[in-house]
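Just below is one structure, and these are the notes that go with it.
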Amino acid sequence: WTEWLRDIWVKPVFAEAKITAGAAEPEKWASLLSPAAYQALRERVDIEFPATNPAFLPVDADVSVDVVLKNTPKLIVRIYEINTLGFHLGQNRPLNTDLHLDGLVANSEQTHEGDASPFKRVARSFKFPELKGRRGAWIIEFIGGGKSSRALVRKGRYTLVQRTGPAGEWLTVLDENRRPATNAVAWLDGRRMTPDPKEGRILVPFTISPGRRTIVLADPDGSFASAAQFD
């Protein structure tokens, strides 16, 4: 690399990679770092999620979250189940990990022992069998070493197919397997719309204010919902 990059930058990066990978001869790699950089590396806490974690999971899939950990001798894992219908109707935005969890009681909590070394980065997989076979969304919070990171687990999703008719827009709601969900309902601007008994589709009447909106597609009992874009 020094053929293209300055060695004063490459060598510390190379040393950090060796140290956090747990390579042999740690003293050799530590000598390439300044005392301040070595101390900062020792104190750094990593709780990171690899990009290989899926964005969505099938309803019947096993739920596991891959996490890369460093300097977390004790790790607390908390699961918060999200009221997806309440969120989408109240927030009118995509579900994310920035929800305020202060004051909320976790649905479950686990404690795990971490690696004893403050330097080594370790990849671990955490399994949550209690979420199998369920449609919904959960925030899983990992807390360790004074740092907190959150993962959003989503199982199931509604999408729509839109077709213009003489009186409005006909919506066919599809589940995560791309099959028609003939009992699903739609919420738009606070109004609940149900499928036509004969058509199995939802009619959204024309409006005097056309445009692109967020529409909420949900189970009839409100136990699960997801948002979609609607023209």
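The values are calculated or read from the model by the stated rules, or taken from the named source; none is laboratory data. It should be emphasised that the depicted structure is a prediction, and the values quoted were computed from it without experimental measurement. Virtual Cβ from ideal backbone geometry, glycine too; neighbours counted across all protein chains shown. Each accessible area value is taken on the protein alone, full model and side chains, heavy atoms only, with ligands, DNA and RNA left out. Shrake-Rupley method; radii C 1.70, N 1.55, O 1.52, S 1.80 Å.
Relative contact order, whole percent, for the chain stands at 19, derived from Cα pairs under 8 Å and 6 or more residues apart. Within the shell defined by Cβ-Cβ distances under 9 Å, the residues around Glu48 carry a net charge of +1, with Lys and Arg each +1 and Asp and Glu each -1. Projecting the Cα atoms of Trp4, Val105, Ala151 onto the charge dipole of the chain (Cβ charges, centred on the Cα centre) puts Trp4 farthest toward the positive pole. Qualifying GluC sites (Glu not before Pro) in the stretch 1-110, where qualification requires a DSSP coil assignment and no more than 12 other C-beta atoms within 10 Å, comprise Glu3. Ranked by the mean number of other Cβ atoms within 10 Å per residue, highest first, peptides 149-161, 210-222 order as 149-161, 210-222. Pairs spanning more than 29 Å between alpha-carbon atoms, out of Lys120/Lys155; Lys74/Lys127; Lys28/Lys127; Lys11/Lys74: Lys120/Lys155; Lys28/Lys127; Lys11/Lys74. Its Cα centre serving as origin, the stretch 1-62 has a Cβ charge dipole (Lys and Arg +1, Asp and Glu -1) of approximately 360 debye. Shown here for the stretch 27-56: trypsin sites (Lys or Arg not before Pro) in loop regions (DSSP other than H, G, I, E, B) with at most 11 other Cβ atoms within 10 Å, of which there are none. Surface exposure of the chain, expressed per residue as accessible area with a 1.4 Å probe, stands at 59 Å². Placing unit charges on the Cβ atoms only, positive for Lys and Arg and negative for Asp and Glu, gives the chain a dipole magnitude near 240 debye about its Cα centre.
Around the Cα centre of the stretch 30-117, unit charges on the Cβ atoms of Lys, Arg, Asp and Glu (plus for the first two, minus for the last two) sum to a dipole of about 300 debye. At the listed q of 0.15 Å⁻¹, the Debye profile of the chain, built from one uniform point per Cα, gives log10 I(q)/I(0) equal to -0.99. Considering only protein heavy atoms and a probe of 1.4 Å, how much of the accessible area of the chain is carbon and sulfur, as a whole percent? Result for the chain: 52 percent of the exposed heavy-atom area is carbon or sulfur.
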